[in-house]
Amino acid sequence: MPGSTFGSLFRVTNFGESHGPAIGCVVDGCPPGLELCAGDIQPELDRRRPGTSRHVTQRNEADKVEILSGVFEGKTTGTPVALLIRNTDQRSKDYANLLKTFRPGHADYTYWHKYGIRDPRGGGRSSARLTAPSVAAGAIAKKWLALKHGTRFVAHLAQMGDISIPFEGFEHVGANPFFAANASDIARLEAYVDELRKAGDSCGARIDVVAKGVPVGWGDPLYDKLDADIAYAMMGINAVKGVEIGAGFRSIAQRGTTHGDELTPEGFASNNAGGVLGGISTGQDITVSIAIKPTSSIRSPRRSIDLEGRATTVETFGRHDPCVGIRAAPIAEALLALVLMDHALLHRAQCGDVRVPSTPIAARAP
């Protein structure tokens, strides 16, 4: 299946199905000498995995990662790093009623027309479960970027359905099951999700993700712009329907006197560009927002058709997230890390010897 490999120098090939025996990925291009063990990867998978609270799918997967290759005596060798995550809690029988029908909003209809095979088990390759290998690969990228450049990542749930979540501080993100940068609105979010589940419905979400400590100069003009690759990666996350870099769609209403980030001896005066100018990083924070659609698999009856094109009604049983955005923060961080890792290696390959006079802004870049 084309479309399962991401990246140029740091290449990640994703494999498996939601209800198959295992999922995983092969990471090719990881620099040698990086100290790496399963313990470096597992915490990121634990953040994303299902069954961690009553507000997400109750599919109980441990998501325990196994490193099959590419590491010797605790260090990467420069050869492909193969990561395996076994599926242990599939319930394919929950999807038996969907064998000859299509779920509205899901990829069932398009997959059948493209491949000619109707596999109703979960979402198959289109399942959000396939984000777990990306998170595992992203953990490797995060570690290398942190060691080499001090780059770090944080994402948070900024809106769930029609509830905008006030930002109170990144320190709150790990203290609640919603990855919200907020401590005062958690009860309201819990009640909202309970209401969705009771109604057999779902909602969308907005995730904001930030990369701090990104050096100036990463990215390329035209077709390999850093922000273009970020948008490409984010749109590859299941259920993402929109991406903003920096001010994004807010820039429509801005004037040039407001939007253009002025330069001062102390640094940039603002960051409407989201840390990218002309497709190249500015040394500021990279800021990205993604819009996630409501979960397609819901219990409420929906109109559809069967394989013969006859009208029917579909109800989706099984275990699903009422809002897939609740677990999306670690995924967004991982995909941003994969993009930056790739661009770090690309920059080093072509422009690693470039030196320009030091400027106050460059010197102050985090």
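What follows draws every value from the coordinates through simple rules; no lab data is involved. The structure displayed is predicted, hence computed values, not measured ones. Heads up, the Cβs are rebuilt from the backbone with ideal geometry, glycines too, and the neighbour counts pull from every protein chain shown.
Side notes on the structure shown:
- Checking (1) 69, 46, 41; (2) 68, 51, 38; (3) 184, 46, 44 against Cα extents along the principal axes in Å calculated from these atoms, the matching label is (2).
- The chain - mean residue ellipticity at 222 nm from DSSP helices (-39,500 (n - 2.57) per run, n ≥ 4, rounded to 500): -8000 deg cm²/dmol
- Dipole of the chain, positive end: most advanced residue of Gly213, Leu98, Ser8 [Cβ charges, Cα centre]: Leu98
- Computed from Cα atoms, the angle from the helix 329-351 axis to the main principal axis of the chain rounds to 40 degrees.
- Distance between modelled label sites at Lys114 and Thr88, nm, 7 Å Cα→Cβ extension: 3.1 nm
- On full extension, the segment bounded by Met235 and Lys212 gains 6.1 nm, given 0.36 nm per residue less the C-alpha separation.
- Computed magnitude of the charge dipole of the range 5-364 (debye, nearest 20; Cβ of K, R +1, Cβ of D, E -1): 940 debye
- Part-to-part distance (alpha-carbon centres) for the range 99-134 and the range 154-215, which is given in Å: 27 Å
- Computed from the Cβ-Cβ distance with R0 of 41 Å, the FRET efficiency linking Lys64 to Glu266 stands at 0.30.
- For the range 5-364, the number of Lys pairs separated by eight or more positions or lying on different chains, with C-alpha atoms closer than 17 Å, is 8.
- Relative packing of 232-240, 307-315, which averages over residues the other C-beta atoms within 10 Å, highest first: 232-240, 307-315
- Here the dipole of the range 180-312 is about 680 debye; that uses its Cα centre as origin and unit charges on the Cβ of Lys and Arg (positive) and Asp and Glu (negative).
- Contact order for the chain, expressed relative to its length and based on alpha carbon pairs under 8 Å spaced 6+ residues apart, stands at 21 percent.
- In terms of packing, defined here as the mean over residues of other Cβ atoms within 10 angstrom, the peptides 256-267, 342-353, 214-225, 271-282 line up highest first as 271-282, 214-225, 342-353, 256-267.
- Gaussian network model of the chain, Cα within-10 Å springs - most flexible of Ser296, Ser164, Ser202: Ser164
- Taken about its Cα centre, the range 136-215 carries a charge dipole of about 600 debye when Lys and Arg each add +1 at the Cβ and Asp and Glu each add -1 at the Cβ.
- Placing unit charges on the Cβ atoms of the charged side chains and taking the dipole of the chain about its Cα centre, the candidate lying farthest along the positive direction among Pro330, Ser297, Gly248 is Ser297.
- Among 242-255, 6-19, the order from most to least packed when residues are scored by Cβ within 10 Å on average: 6-19, 242-255
- For the range 99-193, chymotrypsin sites (Phe, Trp or Tyr not before Pro) are listed when DSSP marks them as loop and at most 16 other Cβ atoms sit within 10 Å of their Cβ; the list is Phe167.
- Taking other residues whose beta carbon is less than 11 angstrom from the beta carbon of Asp119, and scoring Lys, Arg as +1 and Asp, Glu as -1, yields +1.
- Counting charges near Thr101 (Lys, Arg +1; Asp, Glu -1) among other residues having Cβ under 9 Å from its Cβ returns a value of 0.
- Here the spin labels are modelled as points 7 Å beyond Cα on the Cα-Cβ line, and at Asp306 and Leu9 they lie 5.6 nm apart.
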